[in-house]
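Shown next, in C-alpha cells, is the structure this report addresses.
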Amino acid sequence: MTQTPVVPDAPAVPAVRLEHISKEFNGSHAVRDLCLDIAPGEFFSLLGPSGCGKTTTLRMIGGFADPTDGAVLLSGEDVTALPPNKRNVNTVFQSYALFDHLSVADNIGFGLRRKGVPKAEIRERVGAMVDLVQLGGMAERKPRTLSGGQRQRVALARALVNRPAVLLLDEPLAALDLKLRRQMQVELKQIQREVGITFVFVTHDQDEALTMSDRVAVMNGGRVEQCGTPEDVYERPESRFVAAFMGTSNLVSGVYRDGAVQLDGGPSLPVGTRPGIADGSTVDVSIRPEKIWLSDFEPGMPVVGGVIRETVYSGPTTTYLIELAPGVTVAALEQNTARARMEDRWEGGERVEIGYDPEHCLVLGR
Amino acid sequence: MSATATTPRPRRRRRGSRRRPVFAIATTVVFFVLLYLPIAMVVLFSFNSQKSLTVFKGFSLRWYEAFFHDSVLLGSLGMSLEVSLVAMLGSVVLGVALALGLVRHKGRLGSYAGLIMMVPLITPEIVTGVASLLLFKGLGITLNSGTVMIAEITFSISYVTVILRSRVAALNPEVEEAAMDLGATRWQALRLVTLPALLPAILASAVLIFALVFDDFVLAYFTTGVDPQPLAVRIYSAIRFGVEPTINAVGTMMLAGSITLIGLALAIPRLFGRRGGLDLISGE
C-alpha cells in the first residue's frame, strides 16, 4: 500500500480514495500524482481555476476518464477498471444532461429502471425525491418546459434517487444567476445533510466552496495545493497560489530579518519570528484586507503609517487603498456597520495608521 | 450642403416603395406557369372522359378505373412500394450508423470517410446507374427487384447521413454519459437516450428516402429486371407505344403520394415540438 495523506478523525475506509492518480492528454498532464481521501458523508469541494484538473479528477472518480496512472478506490474497492455503470456513484452534470424526450418523473426514475427496481417502489422513491427537491406538480412535464433552476433540481433528483455512495457534482450551479445560485447553495447543503451522502463538488467559485464544504482541496496545475477545512485554506493558506486564489489578498515583498520584514523603500512590518525563514532572505508577506485595522488598535499591535489613495464604497463594506511606501499599496476592508458613520470615512490623501496581528500575516519565502 | 443632401432621401424611398416591381412579378408568374402548367395538364386530363390528350370533354374516373384493372401496372406499383420500403429501412439503418460513426470517430479516417460519403450526392445519377449495371453484370447477378433495392440503398445512405450528421453533432455528449452514469450500458444509452433524441430527424429522412426512391427513374431503369418493372420505368416503357390517359391517372396519384410524403417529412419535426420543420433541407 502506498502512503496517502491522513485525514483527521477519518474512519478507516474512506468513501473515495485517489492513489497517485495522473491523467495525461496528448503528453501534457491534466492531473499529476494526486492523492486524496474523502470521508463518508463529507461535503468535499475541488476548487481551482479552469484547467486546474478538477473536472478531470471528478471524471476519473465517475469512470468517464481512465487515469493514466494510479488507482481510484470507492469504499475501499478498487474501481479503476470499472465503467461508469458499474460504479456506485452518480453525477450531476454541468449541462444537467437531462433526457428531453422523457418526463421529469421518467428522468428521475431512469436509474432505478436500469437497476430493475419494482415499479411500485420506483413510483414511491421518485415521488419522495420530487418532494425533496421541491418539484411537486411538475413530475409529468418535459424538461424543456422548466426553468434553469428547476432543471438543476431534476438533475440532482435523478442522481440522488439511486442512493449512491458518492454524488459527484460538476459545477452544477454555474449556469444559474447569482441570486438563484446563493439559494441553491443553501438548499444543496441542506439536502446533503438530509440524505447523508458523500458529495464531491467541483467549482471555480471560492465563495461557493467556502460556504458549502466540510473540506476543500484547492487545485492548481493538476495538483492539490492545499486541502483542509474552509477556515484552514482561507485563514492559513500554505502557498502563494492559495492565498491569492482564496479571495483578495495583499501581497508585499521585502527582506526578512529578526521577526520583521523590511519593505523596499518603506516601513518595517513586524511579522513575528518565523523559524523556517532565514534572516536576510527576500519574502512575500500576505495579509487579508479584512484583517487590517484602521482604528481602535489593540495593545501591543504593530502599527504602520500610510496615506489613503482611494476609497471604494461597495454597499456593506468600504475598501481603502493605503500607500505604505512609494509603490507599496495595501487594501484594507471596513464593515459599514450601524456604528460606522459615513462622515467618518477617510478621504484620499489623508494620513492614517494601520494595525494588524502578526499571526494573520502569511510569510512566504521565495 | 449636407442638409440639402439628406432631405430628399426619405421622399425618394417613399416613391420607390409605391412603384410595383412589375418585372419581378412577371418573371415569377412566368416561372410558376412554366413549372406547374404541364403538371396541371396531367392532373386535368387524368379526369378526362375521352381518350384525347388535347381536348377536355368532361369529368370521369375511367382512367383511374383502367389503372386498377391493369395487372401489369398494379404489379409495378407493388414492386415500387416494396423497393421504396426496403430501401428506406436499409438506408436509414446504415445512414444513422454512418452519421454516428462519422461524428464520434475523431481522426483523419473519419474526415476522409465524410468526404467520400458526399460523393454519391454529386455524382450524376446516370453514372451511378451505369456503374451499378456493370457491377451486377460483371458479378453475374440477375437483375430483379433485389438489385434495384441494393442500388437504391447505396444511393440513399448519403441523404440520411447528411440529414442526421449535424443532428448527431448537436447532441450533448453529457446526455449519453448521464445514461451510463445511471446504470445503462453503452448500447442501452444509445437505444434509450440517443436514438429517441434523433427520432424526428430519423423519421423525416425515412419519409424523404421513401419518396425519392418511389419516384426514381434513372437508377431503377439501369438496375431492374424485365418483369415486374418499377412504376416509373413501366410508365416510360408504356409511353414509347403511345400515351394512354391511364398514365395521367398514375402520374396524378404519384404526385399526390409524393406531396403527402414530403409534407409529412417537413411536418414531423414540428410534430415533435422542434422549431423549424424546414431544417430537414439544411440539416441544421
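Rule-based calculations on the coordinates, nothing more; no lab input. These numbers were taken from a predicted model, which means no experiment stands behind them. Note: ideal-geometry Cβ built from the backbone for every residue, glycine included; neighbour counts use all protein chains shown.
As a ratio to 2.2 N^0.38 Å, the alpha-carbon radius of gyration computed for the stretch A:231-366 takes the value 1.05. In the distance distribution for chain B, Cα-Cα pairs more than 34 Å apart total 40 percent. Lysine pairs in chain A whose alpha-carbon atoms fall under 26 angstrom of each other, counting only those eight or more residues apart or on distinct chains, come to 11.
To the nearest 0.05, how large is the calculated FRET efficiency for B:Met41 and B:Thr123 if R₀ is 45 Å and r is the Cβ-Cβ distance? Before the final figure, lay out the partial values.
Working: r = 33 Å, r/R0 = 0.73.
FRET efficiency, B:Met41 to B:Thr123: 0.85.
Computed extension length for A:Glu77-A:Arg113: 10.5 nm, one decimal, from 0.36 nm per residue of separation with the Cα-Cα distance subtracted. Taking every alpha-carbon pair in the stretch B:128-284 and binning the separations at 10 Å intervals from zero gives 10, 28, 27, 21, 10, 3, 0 percent. Extension gain for A:Ala244-A:Glu323 works out to 26.5 nm (0.36 nm per residue, less the C-alpha to C-alpha distance).
Between B:Lys137, B:Lys51, B:Lys106, the Gaussian network model of chain B with springs among Cα atoms under 10 angstrom shows the greatest mean-square fluctuation at B:Lys106. In a reduced charge model with +1 at each Lys and Arg Cβ and -1 at each Asp and Glu Cβ, chain A shows a dipole moment near 1840 debye about its Cα centre. Using the Cβ-Cβ distance between A:Arg309 and A:His360 with R0 set to 30 Å, the FRET efficiency from 1/(1 + (r/R0)^6) comes to roughly 0.85.
Put a plus charge on the Cβ of each Lys and Arg, a minus charge on the Cβ of each Asp and Glu, and nothing anywhere else: the dipole of the stretch A:116-254 about its Cα centre is then about 680 debye.
Calculated mean residue ellipticity at 222 nm for chain A: -7000 deg cm²/dmol, from DSSP H runs with n ≥ 4 weighted as -39500 (n - 2.57), summed, divided by the residue count and rounded to 500.
P(r) for the stretch A:84-225, please, calculated from all Cα pair distances in 10 Å bins and given in %. The distribution over the stretch A:84-225 is 11, 43, 34, 10, 1, given as percents.
When the alpha-carbon atoms of the stretch A:6-124 are used, the pair Rg, Dmax equals 16.5, 51 angstrom.
What share of the DSSP beta bridges in the protein assembly as shown is antiparallel, in percent to the nearest 5? Provide the component values of the computation, followed by the final result.
Numbers: 58 of 76 bridges.
Antiparallel bridges make up about 75 percent of those DSSP assigns within the protein assembly as shown.
Ordered by the count of other Cβ atoms within 10 Å of each Cβ, fewest first, B:Ile116, A:Ile322 give B:Ile116, A:Ile322.
Counting Cβ atoms of other protein chains within 10 Å of each Cβ in B:191-200 and taking the mean gives 2. Could you work out how far helix A:178-195 tilts from the main Cα principal axis of chain A, as a 0 to 90 degree angle to the nearest 10? Between the helix axis and the principal axis of chain A, the angle is about 60 degrees.
Three principal axis extents of the stretch B:228-272 based on alpha-carbon atoms, in descending order, are 47, 20, 12 Å. The radius of gyration of the Cα set in the protein assembly as shown, together with its Dmax, comes out at 37.0, 119 angstrom. Averaging the Cα positions of each part gives two centres, and for the stretch A:58-128 and the stretch B:200-236 these lie 46 Å apart. Here A:Arg123 and A:Lys179 are evaluated by their C-beta separation; at R0 = 25 Å the FRET efficiency comes out at 0.15.
Could I get the Rg over Rh figure for the stretch B:192-242? Both from C-alpha atoms, Rh via Kirkwood, rounded to two places. Present the calculation step by step, with values, prior to reporting the outcome.
Working: Rg = 16.5 Å, Rh = 13.1 Å.
A ratio of 1.26.
Neighbour counts of other Cβ atoms within 10 Å put A:Leu180, B:Leu271 in the fewest-to-most order B:Leu271, A:Leu180. Per the Debye formula on identical point scatterers at the alpha carbon atoms of the stretch A:164-257, with no solvent, log10 I(q)/I(0) at q = 0.22 Å⁻¹ is -1.21. The shape of chain A can be summarised by an equivalent ellipsoid whose semi-axes, obtained from the alpha carbon gyration tensor, come to 46, 26, 16 Å from longest to shortest. As an exercise, find the ratio Rg/Rh for the stretch A:148-191 from alpha-carbon atoms, using the Kirkwood inverse-distance average for Rh. My calculation puts Rg/Rh at 0.95.
Note on the stretch B:59-104: Rg/Rh from Cα positions, Kirkwood definition for Rh, rounded to two decimals, is 1.38. Ordering B:Phe32, B:Phe217, A:Phe241 by the number of other Cβ atoms within 10 Å of each residue's own Cβ, fewest first, gives B:Phe32, B:Phe217, A:Phe241. Between B:Leu199 and A:Ala338, the distance separating the two model label sites (each 7 Å from Cα on the Cα→Cβ line) works out to 6.1 nm.
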